[in-house]
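Here's the structure, in structure tokens; my notes come after.
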Protein chains: 2
Amino acid sequence: MAESGQKLANGKTRIDFATDPSRYRHWKLGVDGKIATLTMDVDEKGGLFEGYDLKLNSYDLGVDIELADAFERIRFEHPQVRVVVLRSGKPRVFCAGANIRMLAGASHVHKVNFCKFTNETRNAIEDASAGSGLRTLCVINGTAAGGGYELALAADHIILVDDGSSAVSLPEVPLLAVLPGTGGLTRVTDKRKVRRDRADFFCTTEEGVKGKRAAEWRLVDEVAPSSQLEAAVAARAREFADGAAAGRAGTGVDAGASGIALTPLERVVTADRRDYEYVSVAFDRAARIATVTLRGPDGPPPSGDADMVSQGAAFWPLQLARELDDAILDIRLNECDVAALVFKSEGDLRTVLDHDNFLDAQGGHWLAREIRLKWKRVLKRIDLTSRSLVALVEPGSCFAGTLAEIVFAADRSYMLIGELDGDNRPAAAITLAEVNLSGELAMCNGLGRLRTRFLGEMSAHDKARVAIGQVLDAAAAERLGLVTFALEDIDWEDEIRVFLEERASFSPDSLTGLEANLRFGGPETMETKIFGRLTAWQNWIFQRPNAIGETGALSRYGSGRKPEFDTKRV
Amino acid sequence: MAESGQKLANGKTRIDFATDPSRYRHWKLGVDGKIATLTMDVDEKGGLFEGYDLKLNSYDLGVDIELADAFERIRFEHPQVRVVVLRSGKPRVFCAGANIRMLAGASHVHKVNFCKFTNETRNAIEDASAGSGLRTLCVINGTAAGGGYELALAADHIILVDDGSSAVSLPEVPLLAVLPGTGGLTRVTDKRKVRRDRADFFCTTEEGVKGKRAAEWRLVDEVAPSSQLEAAVAARAREFADGAAAGRAGTGVDAGASGIALTPLERVVTADRRDYEYVSVAFDRAARIATVTLRGPDGPPPSGDADMVSQGAAFWPLQLARELDDAILDIRLNECDVAALVFKSEGDLRTVLDHDNFLDAQGGHWLAREIRLKWKRVLKRIDLTSRSLVALVEPGSCFAGTLAEIVFAADRSYMLIGELDGDNRPAAAITLAEVNLSGELAMCNGLGRLRTRFLGEMSAHDKARVAIGQVLDAAAAERLGLVTFALEDIDWEDEIRVFLEERASFSPDSLTGLEANLRFGGPETMETKIFGRLTAWQNWIFQRPNAIGETGALSRYGSGRKPEFDTKRV
């Protein structure tokens, strides 16, 4: 069902995001005290799809799934690590970027989702630095081209070997007629703040920039001759390990802290359902709806730090976040025909809130912090999912605190007034927690979802703050502006059915464009620029004959024939 | 040569941007003291192209060219005007938006450029408010759908008649499978700060929102029953006229100030040239290059305010700005095969600088201010022109002050070191003025071009400030980071030729995407969001079969047949 335009390798029928270091084919993760080394050594024959070889450390989605997993593991399983040294296991090449044959053969849907996931992975590397003080040091020992350099750009510090030939480059425009769309352009202008005319030169020069000019132009942070490269890397890693430690006081991590094991998620996959312990996804294929139900915790929060650590991956907020993330990715990549995600919840509002309060109270502990940061990433993944997002707040639901963010992430929310006939569950209610107003779970635009919601009415934000901890029924939630519509029993089913039918009847493309504009009001950040601006232009180019047509650059790449372009500018 | 996909009406072969009120077919401009009334009364049979009627005040580029002209005239010819009342001359309809048949029949190139120009026109309406204190009051007497409501959104204040049927709406998504791409989505979220779930409802509801709900949701500023509409408009116009006057102290405009006439530009158009008095455009069609040469003033600046006003439209900075604007628009719409604009200048550096200093000195005078604001708009138009922009700083050139902005707007600039053999003109030099560092000529991102250029090195910005007024030779300009490359005589021709050939060989689409990302580093504003994010998604949608395919919504509009969509989400 994967909409790839290509056949998955090894007879698979779905793209699976679950992996662990014992199954990595492309990366090696080594941990030595405060320093982890993550080595890219892509298995040429390990492509996710049939039909191409992953030469020269080029990558496809499968390679990136392992990279994303490795960073998750470093954060949860090795909390004592302060620095990740990101490097290549191959001589004279760091990474040649996204595999061109994979791109040329992939469907538009897969190309777009591939780029989205790789962007999220790079953002997560930066989130580890900003949120967890985990620095990444990238060692470029040879070619770092296109997506290879874009990967390096996600690091805090880039060391380039100065050997007269090694270069960084973004050759997409001259070579492939597409953009460096995995954040490359945005990070060049907005993270590294390269002068724009130099950026123009750099991004239109196939061979890239090497040595001292690369450093002078701010494309890398330092260069080192081959003979001194390892010494420079070791010195810098040590410096960052010690420096980062100083910056992480009070996070409860000492060099001896032991992590928790991210045990495999248990999933029962059937034709029309995915069932995890706390998440269920039910597909109504005729209506093109996936209903995602989140379940609250079974009991009270842990008694303290030690109990939380001992629960580990089974600790409810962490397990739920991991399950939800997996479910969302599965829908994005494997269920392209789904028009709307309908979020529901089941559980005790109070117990959910107790868990948020527990995480607040343990905010100084590394694991509590990592769990919140994980939720931040998962919620961003939802914000960026191009499907209609709907939240139904019904009797027996538990949208409190962190879970209430899902209501605010939705394009629209409906809340039932009172109870349903013959239903003895408690009336629908929402409860806010500090976390809804603190900005801890900020969207890509750097603002919390309530803050973004109330851009035009700061007073509404203040009123929401006053309501923290209250059990808000439908009337109160509507008055506070927390839900779109509060509906009576008699209107509930019809209104929602009509709305969902209508959504399913609209052009999916126009909805994708609508969401990209309506969901991210207010300030722009590097992340919103990447997803809103860079990605949109890349998607446009990915539709243009000059890239994907028969004589386009992507199609002709490697054929020995030059592309032929329609020369008209738009 | 207009790349429209349609045939221009009345046997024309080029789209002409020059007009004046005596030639308007779609608007009536009335001025009464401080209040101007601009009435939209579109001539159904006055379409720019053949093949459609402009029913219900729907518009095409021709209608918008008149609107843009009307605002220019109000600013220059009627400086005493404080308020523009923007309204419809037709009963029960304000404006039905962009004409769908025109859109459905237009080429991708024309659609994109049409949207860009209409966006620039709406931004100019807001610029008149922010820069000149000229408020716009929009009166919606009936349907304001799609581009009709987007036009209203550019106003400072919207009054909607509350008659039980009149509504504002953005029905693009449900009706046409495209976006409200003329700033609509961005202004809903970022200007009017409508709550995002309400925006979702509004933008997916064909019939729109009317009456009190429109005001409550912040979609309009006030509603008035039919019987009180005219009284409400008159009261509000009066209030704004008086309020705006108070806010414009020191701008040298009193109620009796008389404007200057924007006399027609004189152009000599031949197959491969356009010659104005101070601007020449030469096309090298084989190389796909347009060389735009700007000429400096013939003499010193005026002796004072009165002299400036009496020179009027012939005053060098104003005439040059108008000519340059016309030349750029002509290339954008009529010369789509041009890959690069090469900017050159000829004249006396010192005299150009004297004109900038004159405008600085007269900054309190309305005309000096309007001329600077005009340059701001023209330079933004250049920033947003999707062609490779190159500046060549050669002997005898006069890139000083305002003209130096063109060097900073270029994707790349080349400057000759010393003199050319047998050339007795002065060596190439650049001179900075206060205006290059003041932010007065800010780009869409709200920052000056030098500030944007030096985002990564504030110290470079400070050094540039120190150099104000100096005649900077190539070495100095390169050292200060003002040009990309300083070249010796011996390398000059070859380097530039190779560069331009290379540019012409790249995919035009990838360059368009590159420019949209590299030219606007730093902060985002509503304008950069409109051009960078909204436009990019719209362009993508304009390429998708769900909009433009045989069974797509744009193609099937009005055919009585429902569109058929590929339901896959990307």
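The values are calculated or read from the model by the stated rules, or taken from the named source; none is laboratory data. Quantities reported herein were computed from a predicted structural model and do not represent experimental measurements. We place every Cβ from the backbone using ideal geometry, glycine too, and count neighbours over all the protein chains shown. Surface areas here come from the heavy atoms of the whole protein model, side chains and all, with no ligands, DNA or RNA. Shrake-Rupley method; radii C 1.70, N 1.55, O 1.52, S 1.80 Å.
Details
- Of all the criteria given as (1) touching a helix residue (DSSP H, G or I) at 6+ places or on another chain (Cβ under 6 Å); (2) among the charged types (D, E, K, R); (3) more than 24 Å from A:I35 (Cα to Cα), the one not satisfied by A:D156 is (3).
- When each of B:D127, B:D156, B:D163 is tested for being open to solvent by 10 Å² or more (accessible area, probe 1.4 Å) and either within 14 Å of chain A (Cβ to nearest Cβ) or more than 24 Å from the chain's Cα centre (by Cα) (or both), the lone residue that passes is B:D163.
For (1) at pLDDT below 95; (2) in contact with a strand residue (DSSP E or B) (Cβ under 9 Å, 6 or more places away or on another chain), each residue gets a yes or a no:
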site	(1), (2)
B:V188	no, no
B:K191	no, no
B:V194	no, no
B:A215	no, yes
B:L219	no, yes
B:G243	yes, yes
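- Subset of the range A:264-320 [loosely packed, with under 13 Cβ neighbours inside 10 Å and closer than 23 Å to A:P21 by Cβ]: A:P264, A:E266, A:S310, A:A314
- Across the range A:218-230, a minimum of one residue is classified as more than 28 Å from the chain's Cα centre (by Cα), part of a loop (DSSP other than H, G, I, E, B) and surrounded by fewer than 23 Cβ atoms within 10 Å (Cβ to Cβ).
- Just so you know, in the range B:496-551 the residues that are farther than 28 Å from A:R198 by Cβ and more than 8 Å from chain A (Cβ to nearest Cβ) include one that is most open to solvent (accessible area, probe 1.4 Å), and it is B:E550.
- Among the residues of the range B:183-206, the ones that are within 19 Å of B:V93 (Cβ to Cβ) and open to solvent by 10 Å² or more (accessible area, probe 1.4 Å) come to 2 in all.
Conditions (1) of a type in the set (V, I, T); (2) assigned to a helix (DSSP H, G or I), marked per residue:
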| residue | (1), (2) |
| --- | --- |
| A:L56 | no, yes |
| A:E66 | no, yes |
| A:I74 | yes, yes |
| A:V84 | yes, no |
| A:R87 | no, no |
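- Checking B:V483 against (1) touching a residue at least 40 places away in the same chain (Cβ under 8 Å); (2) β-branched (V, I, T); (3) over 22 Å from A:T186 (Cβ atoms); (4) more than 9 Å from chain A (Cβ to nearest Cβ), the condition it does not meet: (4)
- Enumeration of residues in the range A:406-429 that are in contact (Cβ under 8 Å) with a residue 24 or more places away in the chain and away from chain B (no Cβ under 14 Å): A:L416, A:I417, A:G418, A:E419, A:L420, A:D421, A:D423, A:R425, A:P426, A:A427, A:A428, A:A429
- Top-ranked residue in the range B:269-304 [being among the polar types (S, T, N, Q) and part of a strand (DSSP E or B); ranked as nearest to B:L359 (Cα to Cα)]: B:T293
- Any hit, the range A:246-268, residues being modelled with pLDDT of 95 or more, facing another protein chain (nearest Cβ under 10 Å), in a loop (DSSP other than H, G, I, E, B) and in contact with a Lys or Arg (Cβ under 7 Å, 6 or more places away or on another chain): no
- Test: B:A409 is over 26 Å from B:E120 (Cα atoms) and either among the basic types (K, R) or modelled with pLDDT of 95 or more (or both): no
- From B:L341, B:L320, B:L324, B:L333, residue being more than 14 Å from the chain's Cα centre (by Cα) and either assigned to a helix (DSSP H, G or I) or closer than 20 Å to B:I65 by Cβ (or both): B:L320
- All conditions in (1) open to solvent by less than 30 Å² (accessible area, probe 1.4 Å); (2) farther than 23 Å from B:D383 by Cα; (3) out of contact with any helix residue (DSSP H, G or I) (no Cβ under 9 Å at 6 or more places or on another chain) hold for B:E335, with the sole exception of (2).
- Restricting attention to the range B:340-357, the residues that are farther than 17 Å from B:S280 by Cβ and surrounded by fewer than 22 Cβ atoms within 10 Å (Cβ to Cβ) add up to 5.
- The condition of being within 7 Å of chain A (Cβ to nearest Cβ) and open to solvent by 10 Å² or more (accessible area, probe 1.4 Å) does not hold for B:K212.
Residue-wise test of (1) out of contact with any Lys or Arg (no Cβ under 9 Å at 6 or more places or on another chain); (2) of a type outside the set (V, I, T).
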position	(1), (2)
B:G148	yes, yes
B:A154	no, yes
B:T182	no, no
B:C203	yes, yes
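- Residues considered: A:L437, A:L432. Of these, the only one that is within 23 Å of the chain's Cα centre (by Cα) and farther than 25 Å from A:L329 by Cα is A:L437.
- Check on A:E3, modelled with pLDDT of 95 or more, on the phi < 0 side of the Ramachandran plot and surrounded by fewer than 23 Cβ atoms within 10 Å (Cβ to Cβ): no
- Test: B:T535 is more than 30 Å from A:L518 (Cα to Cα), touching a residue at least 40 places away in the same chain (Cβ under 8 Å) and not small (G, A, S): no
- Residue in the range B:98-105 that is among the hydrophobic types (A, V, I, L, M, F, W, C), open to solvent by less than 10 Å² (accessible area, probe 1.4 Å) and part of a helix (DSSP H, G or I) present: yes
- Within the range B:382-401, the set of residues being in contact with a Phe, Trp or Tyr (Cβ under 9 Å, 6 or more places away or on another chain), open to solvent by less than 10 Å² (accessible area, probe 1.4 Å) and more than 17 Å from A:F201 (Cα to Cα) comprises B:I382, B:D383, B:V393, B:F399.
- Qualifying residue in the range A:43-60 (condition: hydrophobic (A, V, I, L, M, F, W, C) and under 22 Å from A:A152 (Cβ atoms)): yes
Residue-by-condition table, conditions (1) surrounded by 24 or more Cβ atoms within 10 Å (Cβ to Cβ); (2) within 29 Å of B:H110 (Cβ to Cβ):
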{"residue": "B:L359", "(1), (2)": "yes, no"}
{"residue": "B:K374", "(1), (2)": "no, yes"}
{"residue": "B:K380", "(1), (2)": "no, yes"}
{"residue": "B:A404", "(1), (2)": "yes, no"}
{"residue": "B:S413", "(1), (2)": "yes, no"}
{"residue": "B:D423", "(1), (2)": "no, no"}
{"residue": "B:N436", "(1), (2)": "yes, no"}
{"residue": "B:M443", "(1), (2)": "yes, yes"}
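- For the range B:453-477, the set of residues classified as open to solvent by less than 10 Å² (accessible area, probe 1.4 Å) and either within 14 Å of another protein chain (Cβ to nearest Cβ) or out of contact with any strand residue (DSSP E or B) (no Cβ under 6 Å at 6 or more places or on another chain) (or both) consists of B:R453, B:F454, B:A464, B:A467, B:A477, listed by residue number.
A quick yes/no check of all residues on (1) surrounded by fewer than 22 Cβ atoms within 10 Å (Cβ to Cβ); (2) away from chain B (no Cβ under 14 Å):
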| site | (1), (2) |
| --- | --- |
| A:K111 | no, no |
| A:G131 | yes, yes |
| A:L137 | no, yes |
| A:G142 | no, yes |
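- Within the range A:44-52, not a single residue is touching an Asp or Glu at 6+ places or on another chain (Cβ under 8 Å) and part of a helix (DSSP H, G or I).
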